[in-house]
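Participant: Below is one structure. I have some questions about it.
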Amino acid sequence: MQRAGSAREVLCALCRALSASGHFWDPEVFRKSKFNRPEATPEFWKLLYNLLKQIYPSEEDLSPSAPEKNAIANQVQYVKCVLQTQGYGRPAFYALPNGGEEGSRELLLAFSWLLCRVKILEIMLEKNRVKVGDHVTICTCTYDKAFKNVKDTLPATKRNLDIRYIQWLNGKLQLCRRTLYTGHLEECAILYKIHSYTQGCHIDRTTSHLSVMETELIRQPESCNKLLQSIESENSYLEAYLEWKQLESVYWRWMETVLQSASEDEQSLTTHNINKCTFYSSGYRPRKSLSDIQVLGMRLRGLNEQLHELTSNRKLLWHEQSKDLERDLSQKELYLTIKKIKQEVKKKLEHLKHQSAQSEDIHGSFRIIFRESKLQKTAAHKEHNVRDLQATEVITFLQGAITNMEAEYEKLQDQCRTRLDEITERLEGVICIPPTKC
């Protein structure tokens, strides 16, 4: 439920919730950014960098011995890269200098876009949540594999990469994947030992064993104070988040004024450039330049009317042609075509419903609980009425996904071989050896 409040209150609540990232957010930075003050720009770049670094960590961190100027430039490049991969398409943001000396209003607009579209506040609170039990994140949702149409802001020298560098990146990625897989195997082995050795030690009958954190608390009781402080901090951040949700509409109304100010500045800058071009390029005849602009405006309006009329005529012609085509088709062929289309659509919808049901069932953060007997599982269901996800279900689903991907991969390989054969048949004196199956 939304409640009335001032912009100061909502900014304070937002800054308290954002402080969960470990850095202090000052509401004054937002106020200065609204008026595009340059003194707020370096601090805003730094705060955005620290926030995105927790949500989208990278391998290369800034060196503490690096010069301050280079550190700011690296922060700017990192924030731009993350926003570009997320699909932020405002050109004025990517045109900001890498020195971080101007553009605080553009940073405020980019931050608000992340707040609305990417849900960085919810992601950060979930990432920093205190978890006493052993949890694992499982997601089998099908994502859109189409690349986002984002303008490439990298220089031409960075786009022209050597194929050997791409091969090196591929090898590095494979090595990281194997290292990650080995680490997961070791973690699973250690969790199995802890869960099996501590069976019957927990007061909760649904769990019956201790987690890694609980085992560590038993070994080192003095760390309970640190855990208590973490839980209290999380409660304060959640209270700030609840207050922010109640005042969120006030923030977006405030952002409407920020966007309006940015539009007015862009419009005034465009008008200034037009006036400068009109009065100072011709020099000694400004009146004639104004009359020329009026004539051009009349011509543009005339061309716009002609284009609108031409488009309307094309639409009418297309509708007439489609109606003629429908008349030409026999009723039987039309019936068979519609029936075939309906069957294909029904088949695809059933497949999508099956996938969506599976992804809804297997999605989110799950607590890992070790159970040896089905009797214990039935007792847990009767006592707490919870929905358990068996590891065998996830393994079966992933094995099916692997089988489908391998079949699709072989199909694409066959298509590539067929295409290569067609190309090589047109070449004389060239022998092409197709790649073998991996």
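The values are calculated or read from the model by the stated rules, or taken from the named source; none is laboratory data. All values reported here derive from a predicted model rather than from experimental measurement. Methodologically, a virtual Cβ is constructed for each residue, glycine included, from the backbone with ideal geometry; neighbour enumeration extends over all protein chains shown. Remember, those area values only see protein heavy atoms, side chains included, never the ligands or the DNA or RNA. Shrake-Rupley method; radii C 1.70, N 1.55, O 1.52, S 1.80 Å.
Participant: Anything in the stretch 221-246 that is open to solvent by 60 Å² or more (accessible area, probe 1.4 Å) and either among the charged types (D, E, K, R) or outside any helix (DSSP H, G or I) (or both)? List them, or say none.
Facilitator: Passing the criteria: E222, K226, E232, E239, K245.
Participant: Here's something else I'd like to know. Residues that are within 22 Å of the chain's Cα centre (by Cα) and at pLDDT below 85, at least 2 per element: which helices (runs of 4 or more DSSP H) completely within the stretch 93-173 meet that?
Facilitator: By residue number, 120-127.
Participant: Restricting attention to the stretch 366-390, which residues are modelled with pLDDT of 50 or more, under 22 Å from T198 (Cα atoms) and surrounded by fewer than 10 Cβ atoms within 10 Å (Cβ to Cβ)?
Facilitator: S373, K374
Participant: Name the residues in the stretch 1-51 that are surrounded by fewer than 19 Cβ atoms within 10 Å (Cβ to Cβ) and hydroxyl-bearing (S, T, Y), would you?
Facilitator: The answer is S6, S19.
Participant: Search the stretch 253-271 for residues being acidic (D, E) and at pLDDT below 80, and hand back the single one that is farthest from A7 (Cα to Cα).
Facilitator: E266
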